[in-house]
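Reading through the structure tokens given below for one structure.
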Amino acid sequence: MTASTGPQDVVDVLTTDHHEVLELVQQIPTAEPAQRRDLADTVIAELMRHSVAEEMYVYPAMREHLPDGDAAVQHDVEEHQELVERMKELEGVDAADPRFLEVLGRLEAVLRDHVSDEETEQFPALRARLTREQLVELGGKVETAKKAAPTRPHPAAPHSELFHKLVGPGVGMVDRLRDKLTGRPNQA
């Protein structure tokens, strides 16, 4: 591991999220059903926070600074919707049911494609077009947004910056309350 050179920028923050979630996904198939459910719920919560924070702060930056920003964001929003639908489906399947791993596999496939697009194309393009200060500022905003973001999938919710900024914190608060009341894990 390399020594830290100051605050993480947005690319570091999001890349770390990707790797942590993919590591959790890899643990699920070999876990016992009760642990599978907990790991899956943690994956869902982490992915929801990550996605909402991207939609609030990263996608507007992509639209503004990347030459193909609108198209890239549209593609990513479509993938986010597919991820939300797979997460909602995963929530509804008992962890001991054989379909659980099938749904997890579909979620993982979409996630890996999304991560690949971001890490090989979009993140390097952001780093090339934004200053270190801008990237660090975005990283801070993303970290703050993740704290208030929803932890459960809401397939009917729009994937918009305005929605997430106005309604998202309330939805996130309700989700975290539900998590607490039901004992559902929501953090890695």
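On the given criteria, is Ala125 in a loop (DSSP other than H, G, I, E, B), surrounded by 15 or more Cβ atoms within 10 Å (Cβ to Cβ) and not β-branched (Val, Ile, Thr)?
Values: in a loop (DSSP other than H, G, I, E, B): no; surrounded by 15 or more Cβ atoms within 10 Å (Cβ to Cβ): yes; not β-branched (Val, Ile, Thr): yes.
No: the conditions fail for Ala125.
Among the residues of the stretch 80-115, count how many are assigned to a helix (DSSP H, G or I), touching a residue at least 24 places away in the same chain (Cβ under 8 Å) and within 18 Å of Arg37 (Cβ to Cβ). Walk me through how you get there before you give the answer.
Applying the first criterion (assigned to a helix (DSSP H, G or I)) to the stretch 80-115 yields 80-91, 98-115.
Checking the rest, the ones that are also touching a residue at least 24 places away in the same chain (Cβ under 8 Å) come to 80-88, 90-91, 100-101, 104, 107-108, 110-115.
With within 18 Å of Arg37 (Cβ to Cβ) added as a condition, the list becomes 86-88, 90-91, 100-101, 104, 107-108.
Qualifying residue count, the stretch 80-115: 10.
Going by what's in this entry, would Met48 be described as in contact with a Ser or Thr (Cβ under 6 Å, 6 or more places away or on another chain), closer than 16 Å to Val142 by Cβ and either assigned to a helix (DSSP H, G or I) or free of Cβ contacts under 8 Å to residues at least 24 places away in the same chain (or both)? Quick ask: steps written out before the conclusion?
Values: in contact with a Ser or Thr (Cβ under 6 Å, 6 or more places away or on another chain): yes; closer than 16 Å to Val142 by Cβ: yes; either assigned to a helix (DSSP H, G or I) or free of Cβ contacts under 8 Å to residues at least 24 places away in the same chain (or both): yes.
It is true that Met48 is in contact with a Ser or Thr (Cβ under 6 Å, 6 or more places away or on another chain), closer than 16 Å to Val142 by Cβ and either assigned to a helix (DSSP H, G or I) or free of Cβ contacts under 8 Å to residues at least 24 places away in the same chain (or both).
Since every read-out is calculated from the coordinates, none of them should be taken as a lab result. The structure displayed is predicted, hence computed values, not measured ones. With ideal geometry, Cβ positions are generated from the backbone for all residues, glycine too; neighbour counts draw on all protein chains shown.
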